[in-house]
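Colleague: First, the structure itself, so that you have it in front of you.
The values are calculated or read from the model by the stated rules, or taken from the named source; none is laboratory data. This one's a predicted model, so the numbers in the text were calculated from it and none came from an experiment. All Cβ positions, glycine included, derive from the backbone under ideal geometry; neighbour counts span all protein chains shown.
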Amino acid sequence: MDNNEIYRKALARIARNRQQAVTLALDTKEEIYSKIPALKKLEHDITLCGFESARLAASGADTTAKSEQQQKLAALVQQKAQLLEQNGFTPADLEPKYNCSLCKDGGYGTNGKLCSCVSHVVRTMRLAEMNAAAPLTLSSFDTFSLDKYPNTVDKENNLVPRQVMQTVFTNCVNYAKNFKSSYPSLMLIGESGLGKTHLALAIAGYLMPKGINVVYVSAQNAFSQIEKEKFSGNDTLDALLTAQLLILDDLGTEFLSPYIHSCLYNVVNTRLNAQRPTIYTSNIVNETMLRARYTDKIASRLLGGCKLLYFFGNDIRLQNK
């Protein structure tokens, strides 16, 4: 969705919330009236008294008359509160329960500008939109097979890929099972087709049913959308910054304009400082290449702020053909 469309839908959602709150309040009020028959007449008297108080103020009546009317109104309001309390209610029980106390689910503040709750709804919708496009249900720990990794020594790296991947797999499972918001970020590094995205999605799939706010998005798609929103709001960028766990897949495939470079730094640095964990996957296996692409400023934060898990083996996707 483009920005105009998503804001229209956000305002429509907020308007529905308001209507639901008002309808529920009316139903609740009728229920309370049935339990306290005298309350309806008392509220009618309060309304009439309020009108008279306003009339006296507008007509320039003398101070004594206005004061007496205000005292009468205050006494009626107090009587109403006492009547409600005697029956186990409060005046607030008669009012709509809005999601946003600032705009009362109207979407706009007293200054005519969009309320902050609109941005929150937009951000929530962006998160849902990004995750809906992600293959979150296609990968799990149960479908990750270590048998696809060689169990012989890789002479170039002097290691056994299956053994290395067993450790990587165990690290990812433990990360998911023991996840805390204070956990360090992960950087899954390796050539294409070695299961980086599979394990990242498996972590997401394990945590989302537990209520963890996970956002999965490819770096290419995320920063392409951020570029489109450059002059019309930063909802996608805000979503990346605030997710409880962000999975930024295929880091290195995004088009790096100066603006995107600054946005990437913002994501990496802000989440690091806020201690919000991020899982990055990347085919950039060489530290020198990483620094050359992103500069030391970003690379040092990625390498220093993440637990690095290196993937070894042969392209799994070719084995599945």
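Colleague: What's the total number of residues in segment 259-315 that are among the small types (Gly, Ala, Ser) and either within 21 Å of the chain's Cα centre (by Cα) or not in a helix (DSSP H, G or I) (or both)?
Modeller: 3
Colleague: Kindly indicate whether LYS80 is surrounded by 15 or more Cβ atoms within 10 Å (Cβ to Cβ), charged (D, E, K, R) and touching a residue at least 24 places away in the same chain (Cβ under 8 Å).
Modeller: It is true that LYS80 is surrounded by 15 or more Cβ atoms within 10 Å (Cβ to Cβ), charged (D, E, K, R) and touching a residue at least 24 places away in the same chain (Cβ under 8 Å).
Colleague: Just to be sure I understand the filter: pairs with C-beta atoms under 7 Å, separated by 6 or more residues or on different chains, first member in segment 216-230 and over 18 Å from THR278 (Cα atoms) and assigned by TED's automatic domain parsing to the domain that holds ILE279, second member of a type in the set (D, E, K, R) and modelled with pLDDT under 85. Which pairs pass?
Modeller: Close Cβ pairs (under 7 Å, with a partner that is of a type in the set (D, E, K, R) and modelled with pLDDT under 85) amount to GLU229/ASP235.
Colleague: Would you tally the residues in segment 33-66 being surrounded by 12 or more Cβ atoms within 10 Å (Cβ to Cβ) and in a loop (DSSP other than H, G, I, E, B)?
Modeller: 2
Colleague: Quick one: how many residues across segment 67-119 are part of a loop (DSSP other than H, G, I, E, B) and in contact with a Phe, Trp or Tyr (Cβ under 9 Å, 6 or more places away or on another chain)?
Modeller: 4
Colleague: In segment 230-240, what residues are hydrophobic (A, V, I, L, M, F, W, C) and outside any helix (DSSP H, G or I)?
Modeller: Once the filter is applied, which keeps residues that are hydrophobic (A, V, I, L, M, F, W, C) and outside any helix (DSSP H, G or I), segment 230-240 yields only PHE231.
Colleague: For the condition of a type outside the set (Asp, Glu), modelled with pLDDT of 90 or more, touching an Asp or Glu at 6+ places or on another chain (Cβ under 9 Å) and more than 30 Å from ALA15 (Cβ to Cβ), what is the one hit in LEU48, LEU76?
Modeller: Testing whether each residue is of a type outside the set (Asp, Glu), modelled with pLDDT of 90 or more, touching an Asp or Glu at 6+ places or on another chain (Cβ under 9 Å) and more than 30 Å from ALA15 (Cβ to Cβ) leaves just LEU76.
Colleague: Does any residue of segment 241-256 turn out to be in a loop (DSSP other than H, G, I, E, B), among the β-branched types (Val, Ile, Thr) and over 18 Å from the mean Cα position of the chain (by Cα)?
Modeller: yes
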